[in-house]
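The values are calculated or read from the model by the stated rules, or taken from the named source; none is laboratory data. Source: prediction; values computed, not measured. Cβ atoms come from the backbone with ideal geometry, glycine included; neighbour counts cover every protein chain shown. Surface accessibility is based on the protein's heavy atoms, side chains included, excluding ligands, DNA and RNA. Shrake-Rupley method; radii C 1.70, N 1.55, O 1.52, S 1.80 Å.
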Amino acid sequence: MTTGEPGQPRTDRSPWNWLLVLPIVLPLLTFLFNADEPRLLGFPLFYWLQMAFIVVGVVSTTIVYRMTK
Amino acid sequence: MSGHTTELVVFIVLFLIVSGMGFVASRWRRPDDLASLNEWGLGGRSFGSWITWFLIGGDLYTAYTFVAVPALVFSSGAIGFYALPYTVVVYPLVFLVLARMWSVSHVHGFVTPADFVRARFGSPTLALVIAITGLVATMPYIALQLVGIEAVLKAMGITGHLPIIIAFAILAAYTYQSGLRAPALIAFVKDALIYIVILAAVIYIPSQLGGWDSIFDAAKAKFDATPAPGDGYILNANNQLQYVTLAFGSALALFLYPHSLTGVLASKNRNVIKRNMSALPAYSLVLGLIALLGFMAIAAGTKPVTANGKTDTNTIVPVLFDQMFPDWFTGVAYAAVGIGALVPAAIMSIAAANLFTRNIYREYINKNATDSQEATVSKLVSLVVKVGAVLCILLLDPQFSIDLQLIGGVIILQTLPSVGLGLYTRWFHKGGLIAGWAAGLAAGMWMLYLIPNPATGKQHFGGSAFALSNFGFDTKMTIYAGFLALAVNLIVAVLGTLIFRAVKVADGEDATARDDYFADEGDPKVKDLDLTGSH
């Protein structure tokens with residue numbers, strides 16, 4: 001959380017928050033991952049890419065958390 | 001029952017150990033007195049990052065999830081995998097929202113989402129509507145946890161309702177005694193078991209089935225051979241919109257459930273919440289792997305349990321475990337599902353009890369309730385709620401609970417404008433919000449009523465995929481009914497607000513101030529809560 005100078009109103013605003021949009025939008029774009037090939041370790045693209053989005057989510061929220069603490 | 005003795009013994013032993021922990025939990029993190037909602041219903045509001053992680057995780061990833069998501073993947077394929085993007089989207093979506101909710105709740109002593117609405121919009125009626133919506137959406141959710149235990153018991157060859165009644169009696173007793181501390185403590189065991197079982201499953205089972213390649217190929221072969229338009233091992237042109245709106249709509253709904261908020265409000269400061277929003281996706285990975293158990297079952301040729309001529313696809317994962325694992329480990333896996341039912345059921349019944357106590361009992365029955373009266377009422381109501389859930393299973397077809405849960409998701413979404421948007425804007429008029437809620441609810445019910453399920457031969461309430469052809473479009477595309485219902489709700493709420501303002505209908509008063517939404521632990525305004533004050 002951003003703690004402002006004494007006397008200034010507190011706020012949650014930060015340009016870093018825009019990074020949260022990425023993991024919200026990415027998993028909803030089915031055209032990115034709705035395919036079989038290329039497979040990874042036997043997983044079709046549909047499954048491994050969506051699992052990879054978990055990492056995008058974790059990294060994005062962690063960066064925002066650290067930069068706005 | 002023969003052939004399942006080892007499984008049953010392991011299951012019962014683990015179940016009893018956990019129940020013992022539930023009773024001991026009342027002495028955990030020693031409160032002076034459990035006789036207030038802050039202590040009994042919110043665990044003292046002092047949980048740090050780790051406990052909160054287990055508590056919220058234990059709350060959101062339920063036994064029913066472990067059973068139903070792979071069952072859906074087993075029967076319909078890729079569409080069932082929506083559970084993964086849903087849990088990827090939800091945390092960044094609520095990252096800032098929940099921190100605001102935490103702050104305003106701690107400044108004003110809110111215990112439920114309806115408490116917040118009451119103060120924000122100054123309307124007891126709107127708060128009552130939100131509270132009842134929460135209660136109605138939560139009840140079938142608790143009943144579904146029983147469906148999860150039942151699936152495991154069925155796979156062990158146990159029929160009849162007595163074991164479920166015993167399990168819930170034990171659960172009711174330790175929740176009554178320990179409050180939120182019980183599920184918080186048990187959640188550690190639940191998660192440890194689930195992680196062990198899933199790790200073993202995703203390493204061992206594919207090695208027995210010829211690797212992931214052949215698992216996915218078997219799934220592809222199965223769905224290519226079926227005529228149904230909605231299935232497939234990847235999405236088709238008709239169900240992509242359904243996939244996206246279902247994932248997004250479910251994400252919007254998740255933290256509107258009163259029980260998810262219980263875990264959030266029990267944490268000790270804003271940072272605990274924000275840190276958890278980046279750590280909770282660890283569960284999503286497990287959920288994705290659990291979903292794929294459905295495909296493993298296809299590759300292994302698993303057949304769900306059939307009783308009285310009815311096939312119960314919810315038993316697919318328990319039967320798969322039985323088929324693949326040695327007996328003792330199957331017992332551990334079953335215990336993981338069984339205990340996985342107890343944690344959320346306890347939190348949900350506490351949340352439902354708090355709703356009744358704060359927004360019905362305190363508002364309409366005893367305006368000057370003391371802390372200890374509130375705690376007593378909540379404890380008793382939590383018992384009533386569990387008895388109600390058991391009765392749902394005993395008296396109704398379990399399928400009916402599953403339908404109710406589907407409806408529950410659509411109706412809880414209708415509280416989004418008041419609770420979710422209310423955290424950000426006071427623009428809406430209370431009358432507009434009530435009108436939007438009613439319109440969204442009506443639209444949602446109408447759409448769900450029109451959805452058949454050809455697989456079970458049902459004409460109505462057969463799923464959440466609303467065919468766009470109902471509006472006269474020439475397409476086979478479907479969309480999540482809850483998503484459209486929410487759109488109707490928002491439009492009516494906006495129009496209603498404009499109309500009520502134009503004709504100068506009095507609006508409620510906002511009891512919250514701007515700074516309340518940013519308060520944190522240690523601030524003078526974040527005090528030990530004065531629940532006896534009037535508001």
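Some notes on this structure:
- For region B:379-394, the condition holds for no residue, the condition being that it is within 27 Å of B:GLU150 (Cα to Cα) and in a loop (DSSP other than H, G, I, E, B).
- Residue list for region A:13-22, filter: open to solvent by less than 70 Å² (accessible area, probe 1.4 Å) and within 9 Å of chain B (Cβ to nearest Cβ): A:ASN17, A:LEU19, A:LEU20, A:VAL21
- Tally of residues being within 30 Å of B:HIS106 (Cα to Cα) and open to solvent by 30 Å² or more (accessible area, probe 1.4 Å) across region B:478-522: 12
- One residue from B:LEU199, B:LEU185 being more than 14 Å from chain A (Cβ to nearest Cβ), part of a helix (DSSP H, G or I), open to solvent by 20 Å² or more (accessible area, probe 1.4 Å) and within 17 Å of A:LEU41 (Cα to Cα): B:LEU199
- Scope region B:242-266; condition more than 14 Å from chain A (Cβ to nearest Cβ) and more than 15 Å from the chain's Cα centre (by Cα); matching residues: B:LEU265, B:ALA266
- Scanning region A:23-51 for residues that are within 11 Å of the chain's Cα centre (by Cα) and surrounded by 15 or more Cβ atoms within 10 Å (Cβ to Cβ) turns up A:PRO23, A:ILE24, A:LEU26, A:PRO27.
- Test: residue in region B:226-241 that is touching a Leu at 6+ places or on another chain (Cβ under 6 Å), touching a residue at least 60 places away in the same chain (Cβ under 8 Å) and either more than 9 Å from chain A (Cβ to nearest Cβ) or more than 19 Å from B:ALA184 (Cα to Cα) (or both): no
- Neighbours by Cβ (under 6 Å, 6+ apart or cross-chain): first from region B:161-179, closer than 14 Å to B:PHE15 by Cβ; second of a type in the set (Phe, Trp, Tyr) and open to solvent by 70 Å² or more (accessible area, probe 1.4 Å): B:TYR174/B:PHE23
- Annotation note: of B:LYS458, B:LYS430, the sole residue that is open to solvent by 30 Å² or more (accessible area, probe 1.4 Å), basic (Lys, Arg) and within 26 Å of the chain's Cα centre (by Cα) is B:LYS458.
- The residues of region B:380-396 that are under 13 Å from B:GLN177 (Cβ atoms) and either crowded, with 22+ Cβ neighbours inside 10 Å or touching an Asp or Glu at 6+ places or on another chain (Cβ under 9 Å) (or both) amount to a single one, B:SER382.
- Selection from region A:31-58 of residues that are under 19 Å from B:PHE216 (Cα atoms), within 8 Å of another protein chain (Cβ to nearest Cβ) and assigned to a helix (DSSP H, G or I): A:PHE46, A:TYR47, A:GLN50, A:MET51
- Pick from region B:212-242, criterion in a loop (DSSP other than H, G, I, E, B) and of a type in the set (Val, Ile, Thr), ranking: surrounded by the most Cβ atoms within 10 Å (Cβ to Cβ): B:ILE234
- Picking from residues in region B:401-427 that are buried (at least 23 other Cβ atoms within 10 Å of the Cβ) and of a type in the set (Ser, Thr, Tyr), the one that is farthest from B:VAL488 (Cα to Cα) is B:SER401.
- Of all residue pairs spaced 6 or more apart or on separate chains, those with beta-carbon atoms under 8 Å, a first member in region B:493-510 that is within 18 Å of B:ALA127 (Cβ to Cβ) and a second member that is among the aromatic types (Phe, Trp, Tyr) are B:ALA493/B:PHE428; B:ALA493/B:TRP437; B:THR497/B:TRP427; B:THR497/B:PHE428; B:ASP507/B:PHE121; B:ASP507/B:PHE500; B:GLY508/B:PHE121; B:ASP510/B:PHE121.
- Within region B:350-378, tally of residues that are over 15 Å from B:ALA131 (Cβ atoms) and in a helix (DSSP H, G or I): 5
- Residue that is nearest to the other protein chains (Cβ to nearest Cβ), among those in region B:273-285 that are crowded, with 22+ Cβ neighbours inside 10 Å and hydrophobic (A, V, I, L, M, F, W, C): B:MET277
- Residue count for region B:142-180 under the criterion of being part of a helix (DSSP H, G or I) and open to solvent by less than 20 Å² (accessible area, probe 1.4 Å): the result is 20.
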